[in-house]
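Everything on this sheet refers to the single structure shown next.
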Amino acid sequence: MDVILGHVNVDFDALASMVAAKKLYPEAVMVFAGSVNRNVREFIALHGDVLEFRDPRSLDREAINRLIVVDNRIAERLGEFRDLPGKEGVEVFVYDHHPPSPQDMKGVHDYSEYLGATTTVLVRIIQRQKIPISPFEATLFALGIHEDTGSLTYAGTTPEDAEALAFLMRRGANLEVIMHFLGRQLSPAQHELMRRLLSGLRFHRVQGVLVAVARAHMEEYVEGASAVASRLADLENLEVLFALVEMQGRVVVAGLSRMRQVDVDRVLSGLGGGGHAKAGSAVLKGCSLEKVERELLELLERNVPRRVTAGEIMSGPVKTINESTTIAEASRRMELTGHTAFPVVDDGGNLVGMISRKDLDKAGHHGLGHAPVKGFMSRSLIAVEEDASLQEIQRLMTENAIGRVPVVRGKELVGIVTRKDLLRALHGGEYLRAVAPVGGTHAYTRSEIVEMMQRQLPGEVQSLLRLASRVAEREGYQVYLVGGVVRDLLLGYPNLDLDLVVEGEGIEFARRLARELKARVRTHRKFGTAVVLLPTGRRIDVATARTEFYEQPAALPTVEVSSIRQDLYRRDFTINAMAVAVSGERFGELLDYFGGLRDLQRRQIRVLHNLSFVEDPTRIFRAVRFEQRYGFRMERQTEILARRAVEMEIVGRLTNARVRDELKDIFLEPLPLPLKALERLEELGALRTLHPDLSVTRAMRRRFQLLEKHSGKAWEMVGTEGRRWIPVAAAMLADLPPGEGLKWCHQMRLRREDTEALRQCLEEVPRAVEELARRDLAPSRAVFLLDPLSPEAITYLYALAGPAAREKVAAYLTSWKEMAPSVSGRDLKEMGLPPSRVYSQILAEIRRALLDGEVRGREEELALARRLVEEAASRR
């Protein structure tokens with residue numbers, strides 16, 4: 001016999017789950033393991049004709065060979081059936097949504113999922129198996145999900161719960177029935193329990209958290225203690241409440257928490273109960289209220305983590321202004337930094353007031369730009385010490401309608417807590433993401449990141465990071481691996497750049513790391529950066545965590561020391577604004593404040609703020625490069641911002657050296673990606689900012705196709721890495737009017753040798769291609785044309801030339817280039833010819849004859865040399 005069971009004190013989630021399980025196990029019988037909640041009992045009384053429950057006394061216990069247990073994994077909660085799990089010959093199948101606990105049944109078939117309701121677990125299976133359900137069943141299932149998720153408002157609610165409800169509504173779930181049974185009024189007995197709990201309400205400070213404990217004694221058993229506790233919490237605006245009700249020889253404990261810091265399930269499991277992180281219950285027999293309260297408080301002390309304080313979440317160092325700063329200067333600084341208020345300090349660095357943008361605007365409107373801010377700042381300071389709790393900060397913000405609270409040590413300003421700092425601390429880093437992940441974003445654990453590093457990074461790099469970790473832990477630094485290496489680690493791309501950011505003194509950390517590695521250090525004090533140069537040639541870039549602001553669009557940034565979060569915020573795109581902690585026990589922890597992981601999974605490029613391209617227009621070129629490299633696309637708003645920056649002609653204000661460096665990076669991408677990047681730049685309107693006559697023509701596409709097809713072979717024959725970006729740049733510039741390409745090189749401030757190589761590509765190569773195409777061209781003439789050209793120009797020529805010309809270039813690179821006569825200047829001297837410029841002319845003529853096959857072997861070379869010497873002598 002198959003039996004479907006829930007738990008004692010059956011609620012709607014348990015009832016709905018039992019009925020849903022019956023859809024999966026049609027031959028099973030449904031049995032209540034114990035008492036049933038009042039509103040559930042009323043529902044059953046109304047729908048008894050369609051609910052098939054058996055009286056447990058009518059069952060033959062020996063015939064039971066399979067238990068289907070729903071909304072429960074603890075045998076003790078099975079009431080009179082508690083002895084069946086573990087009995088020989090009885091299989092147990094579990095469908096639950098609660099977190100695991102030590103009391104869970106062992107040796108069961110567990111199909112649990114950590115969703116908002118067990119009903120959701122079963123409805124998802126019903127959907128997958130395409131099992132039909134009636135409107136009544138849809139209504140009951142929806143009741144179960146609504147009850148256990150607080151109508152999708154509880155913290156444990158998942159997207160799967162919402163999807164299940166949508167499915168049930170499409171199957172005819174009746175909202176009027178749901179509202180009727182979920183919105184029931186308290187009974188007279190429950191009202192009396194509420195009154196007694198209010199009179200017995202006491203408060204305890206546990207690890208800085210204010211915990212309410214309400215006690216009451218009832219002569220008769222009152223159902224729905226959890227519902228009464230929930231109403232009490234709403235009435236008194238309590239964030240953490242444990243209601244202890246003594247009745248009929250037992251103490252019922254109902255707990256609820258609206259704080260991430262207090263996990264009700266973890267606390268109440270110590271009393272033999274359980275539930276969710278946000279709500280749960282326990283029943284203790286033969287105990288007094290006093291004893292239960294003592295045990296509860298002890299459990300809270302052990303299980304509530306130390307509170308998070310203002311000092312831990314504050315941002316810093318804080319940008320301040322002196323009280324003597326003028327209104328005009330304060331307004332300028334506020335505009336540059338994007339802040340909406342500044343703390344004001346005196347000459348001793350003590351906090352004396354706050355000045356807001358509104359204050360500055362009013363003063364400026366009245367022509368008071370010359371006046372000091374101390375005359376307009378708010379002196380009614382609302383500040384907290386470093387050990388202030390999050391709840392205290394939240395209260396100050398809401399009661400005073402302010403968006404930031406300074407943190408002080410005595411009178412000294414040490415940090416500031418913003419609304420965002422507070423909300424992230426209260427609700428997690430994902431809370432303030434601009435767009436919620438579609439289909440969910442996998443957040444990697446520390447162990448998963450460490451496994452990626454072990455799998456993708458060479459042993460030498462792993463050893464360097466582990467050493468950096470030990471140095472950081474020993475010296476008290478917080479160190480992070482940042483930038484492209486983190487992005488490529490998550491994408492599975494090779495990237496061996498080691499960029500470390502240090503919260504604290506980055507240069508000093510670099511020196512200490514270098515001592516361990518017996519390496520050299522090159523420092524840049526202005527930017528707080530250093531490079532550790534290892535004997536192997538590897539380098540480690542180390543930077544102090546910093547923030548940047550721009551004095552004007554397209555200018556170089558002004559740099560200030562900051563935190564890792566602000567350091568990441570200054571970066572170009574979310575996918576480059578992630579970090580991996582390196583220090584000590586945090587090794588492998590992924591920091592993703594701005595949704596970079598989500599954007600990687602969505603394959604999109606997104607800026608961190610709306611002025612990103614205005615502040616640094618080179619990011620447009622970088623965004624296009626990343627689009628091509630990874631097959632990504634700028635998300636819609638980012639592309640709008642890029643187009644707007646081009647239309648505002650901000651790209652034209654860039655220093656040409658910065659544009660040059662971004663273009664070189666584009667040109668160094670594998671072909672055909674550079675062409676695709678140029679096409680994308682043209683689509684965005686940015687290509688013409690490089691030169692007004694520049695456009696992607698059919699001829700340009702043809703040059704890139706030839707480069708893609710032939711340049712690899714050319715570089716192989718040239719036998720040098722060369723400056724591979726130069727032929728690509730030439731392919732872009734070749735359509736410009738004569739002389740414009742060379743002018744562009746000067747404008748981009750290319751090095752002299754780079755300019756010369758590009759000049760050869762643009763001016764010499766077209767002439768050489770035409771001449772090398774001649775079938776009757778002598779080898780010596782080909783060598784004459786090719787000898788002066790750089791490896792880059794020869795590569796460009798080989799790619800663009802036709803088959804006949806390419807054949808000659810190949811012969812030159814593999815044979816003719818190294819072909820030289822055996823005759824030397826010593827031979828000419830022995831023939832009686834005094835040293836002079838004539839030597840080089842004679843040797844060149846002998847080489848020409850050798851190349852063209854007119855002489856073969858040393859004897860014929862010597863004979864030609866004697867004749868040429870005689871001719872030279874006769875001309876003297």
Legend entry - Count of the range 13-51 residues which are modelled with pLDDT under 90 and not in a loop (DSSP other than H, G, I, E, B): 13
Legend entry - Search result, residues across the range 593-613 that are in contact (Cβ under 8 Å) with a residue 40 or more places away in the chain and either among the small types (Gly, Ala, Ser) or in contact with a strand residue (DSSP E or B) (Cβ under 8 Å, 6 or more places away or on another chain) (or both): GLY595, GLY596, LEU597, SER612
Inset, instruction - Show the residue pairs that are 6+ apart or on different chains and have beta-carbon atoms under 7 Å apart, the first residue being within the range 464-485 and hydroxyl-bearing (Ser, Thr, Tyr), the second being part of a helix (DSSP H, G or I). - result: SER469/GLY584; TYR477/PHE509; TYR480/ILE564
Inset, instruction - For the range 652-670, indicate whether the set of residues that are under 30 Å from the mean Cα position of the chain (by Cα), over 19 Å from GLU627 (Cα atoms) and open to solvent by less than 20 Å² (accessible area, probe 1.4 Å) is non-empty. - result: yes
Inset, instruction - Starting from residues that are of a type in the set (Ser, Thr, Tyr) and open to solvent by 60 Å² or more (accessible area, probe 1.4 Å), keep the ones in the range 837-876 and report whichever is nearest to LYS808 (Cα to Cα). - result: SER840
Inset, instruction - Determine whether the range 238-259 contains at least one residue that is closer than 27 Å to GLU42 by Cβ, touching a Leu at 6+ places or on another chain (Cβ under 9 Å), acidic (Asp, Glu) and buried (at least 17 other Cβ atoms within 10 Å of the Cβ). - result: yes
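Which fully enclosed helices (runs of 4 or more DSSP H) of the range 119-212 have 2 or more residues being closer than 22 Å to TYR95 by Cα and open to solvent by 20 Å² or more (accessible area, probe 1.4 Å)?
135-149, 159-170
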Legend entry - Failed criterion for ARG749 (all others in (1) open to solvent by 10 Å² or more (accessible area, probe 1.4 Å); (2) not in a loop (DSSP other than H, G, I, E, B) hold): (2)
Legend entry - Within the range 273-306, considering residues that are more than 39 Å from the chain's Cα centre (by Cα) and of a type in the set (Lys, Arg), the one least open to solvent (accessible area, probe 1.4 Å): LYS291
Inset, instruction - Kindly check whether there is at least one residue in the range 635-642 that is open to solvent by 10 Å² or more (accessible area, probe 1.4 Å), over 20 Å from HIS691 (Cα atoms), modelled with pLDDT under 85 and in contact with a strand residue (DSSP E or B) (Cβ under 7 Å, 6 or more places away or on another chain). - result: no
Legend entry - the range 526-550: number of residues that are over 17 Å from ASP499 (Cα atoms), assigned to a loop (DSSP other than H, G, I, E, B) and modelled with pLDDT under 85: 0
Legend entry - Test for LEU706: is it in contact with a helix residue (DSSP H, G or I) (Cβ under 6 Å, 6 or more places away or on another chain) and either assigned to a helix (DSSP H, G or I) or within 20 Å of GLU627 (Cβ to Cβ) (or both): yes
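Give the residue, chosen from LYS817, LYS808, that is within 30 Å of ARG866 (Cβ to Cβ), of a type in the set (D, E, K, R) and either without any contact (Cβ under 8 Å) to a residue 40 or more places away in the chain or open to solvent by less than 50 Å² (accessible area, probe 1.4 Å) (or both). Break it down into steps so the answer makes sense when it comes.
Values: LYS808 fails: within 30 Å of ARG866 (Cβ to Cβ).
Of LYS817, LYS808, the one residue that is within 30 Å of ARG866 (Cβ to Cβ), of a type in the set (D, E, K, R) and either without any contact (Cβ under 8 Å) to a residue 40 or more places away in the chain or open to solvent by less than 50 Å² (accessible area, probe 1.4 Å) (or both) is LYS817.
Scan the range 551-603 residue by residue and report those that are among the acidic types (Asp, Glu), surrounded by fewer than 17 Cβ atoms within 10 Å (Cβ to Cβ) and either at pLDDT 85 or above or part of a helix (DSSP H, G or I) (or both).
Listed by number, the list holds a single entry, GLU585.
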Legend entry - Pair list, Cβ < 8 Å and 6+ apart or interchain, from the range 263-276 residues that are under 14 Å from LEU300 (Cβ atoms) to residues that are among the polar types (S, T, N, Q) and surrounded by 24 or more Cβ atoms within 10 Å (Cβ to Cβ): ASP263/SER257; VAL264/SER257
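The values are calculated or read from the model by the stated rules, or taken from the named source; none is laboratory data. Since we're looking at a predicted model, the values are computed, not measured. For neighbour counting, all protein chains shown are included, and Cβ atoms are generated from backbone atoms with ideal geometry for every residue, glycine included. Each accessible area value is taken on the protein alone, full model and side chains, heavy atoms only, with ligands, DNA and RNA left out. Shrake-Rupley method; radii C 1.70, N 1.55, O 1.52, S 1.80 Å.
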